[in-house]
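Right, one structure below, let's go through it.
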Amino acid sequence: MFCVLSVRKRNSTPIEKIFGRFMTDDYSVKTIPVYKGAPFFNLVITTSKKEINWENVIFAVGRCASRLVLNENIVIPENSNIGTFKSDTLYKKMLNNTFLKILENNHSRLHRISVIDENAENIDFTKNVSQYATTLNICTFNKEKYISVCDEITEATGICPVLKNDCTDSEIKINTDIGAMIICQEAGNINISAGADFVVPSVYENLLPRGVRKYDFYSALYELCGVFSIGEGIFNTITVNNEKKNVHEVHFS
């Protein structure tokens, strides 16, 4: 679970302008149910003060005070019990999905492909890439973890992956560690990276609180509430040679 924290400043109504400084701060907590996932908290603080009483936040949402998703420029104090949730796990997952989508869209022929996965953290991705390859080089420092995977790929596709320390002589190089894909062509390389804009299943669209950064919210929903279907999505926009393009417009021979 996590908590979305928003602050509403008083003085928006005539009564609040007159009596706001005498009013007690209100810490209103709601539990928001999530389809096929754990719920999250929505804490709205109504105050006329400049400072937030963080002890009240901890009292209101407990351990979730260390996993906050903010909708305003709120300064978090240096307190081990207070913190924001930040993670790039969902980003990496959707970026890998996007690379696969680009390969699918350019599947007129198979390619010589190299996958860089130094710590063997993207094994499923490498398996999926293999269906688009005539040859497959896997660059990893954790070769033991990939030995049985190579057997699975050979059985499924007929190709024999090669485990290497570095990758050369490939048409397509995908670095899962830094989130980059390079298409090597005579006319010049196509460098693909930096996904942006994405769509989530419609059942979760209306859950996004107003003013909250979209990625932060759905990243928390994915990791902390177990809504794993979000991780099946792709980015709509990708950076190609420093220009943003729609994923479906990325073509290569």
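The listed residues are 93, 101, and the only one of them that is at pLDDT 90 or above, open to solvent by 60 Å² or more (accessible area, probe 1.4 Å) and under 27 Å from residue 201 (Cβ atoms) turns out to be 93.
If you go through region 209-231 and keep only what is within 11 Å of the chain's Cα centre (by Cα) and under 15 Å from residue 43 (Cβ atoms), you end up with 217, 220.
Filtered by the rule that a residue be assigned to a strand (DSSP E or B) and either modelled with pLDDT under 85 or of a type outside the set (Gly, Ala, Ser) (or both), region 1-16 gives 3, 4, 5, 7, 8, 9. Against the criterion of being surrounded by 12 or more Cβ atoms within 10 Å (Cβ to Cβ), of a type outside the set (Phe, Trp, Tyr) and under 18 Å from residue 114 (Cα atoms), residue 178 does not qualify.
For residue 151, the conditions (1) touching a residue at least 24 places away in the same chain (Cβ under 8 Å); (2) surrounded by fewer than 17 Cβ atoms within 10 Å (Cβ to Cβ) are fulfilled apart from (1). So for region 142-151 (the condition being aliphatic (A, V, I, L, M), touching a Leu at 6+ places or on another chain (Cβ under 6 Å), at pLDDT 90 or above and farther than 30 Å from residue 40 by Cβ), does at least one residue qualify? Within region 142-151, none of the residues are aliphatic (A, V, I, L, M), touching a Leu at 6+ places or on another chain (Cβ under 6 Å), at pLDDT 90 or above and farther than 30 Å from residue 40 by Cβ.
Somewhere in region 182-199, is a residue at pLDDT below 95 and touching a Cys at 6+ places or on another chain (Cβ under 9 Å)? Scanning region 182-199 turns up at least one residue that is at pLDDT below 95 and touching a Cys at 6+ places or on another chain (Cβ under 9 Å). The residues listed here are 223, 186; of these, the one that is without any contact (Cβ under 8 Å) to a residue 12 or more places away in the chain and either outside any strand (DSSP E or B) or within 16 Å of residue 88 (Cα to Cα) (or both) is 186. Residues that are modelled with pLDDT under 95, on the phi > 0 side of the Ramachandran plot and surrounded by fewer than 13 Cβ atoms within 10 Å (Cβ to Cβ) occur in region 154-175; there is at least one.
Cβ separations smaller than 6 Å between residues 6+ apart or across chains give the following pairs from region 62-79 residues that are free of Cβ contacts under 8 Å to residues at least 24 places away in the same chain to residues that are surrounded by 13 or more Cβ atoms within 10 Å (Cβ to Cβ) and of a type in the set (Val, Ile, Thr): 76/82.
The values are calculated or read from the model by the stated rules, or taken from the named source; none is laboratory data. What you see is a predicted model; the values in this text were computed from it and never measured. As a convention, Cβ positions derive from the backbone with ideal geometry for all residues, glycine included, and neighbour counts pool all protein chains shown. SASA here: full protein model, heavy atoms, side chains in, ligands and nucleic acids out. Shrake-Rupley method; radii C 1.70, N 1.55, O 1.52, S 1.80 Å.
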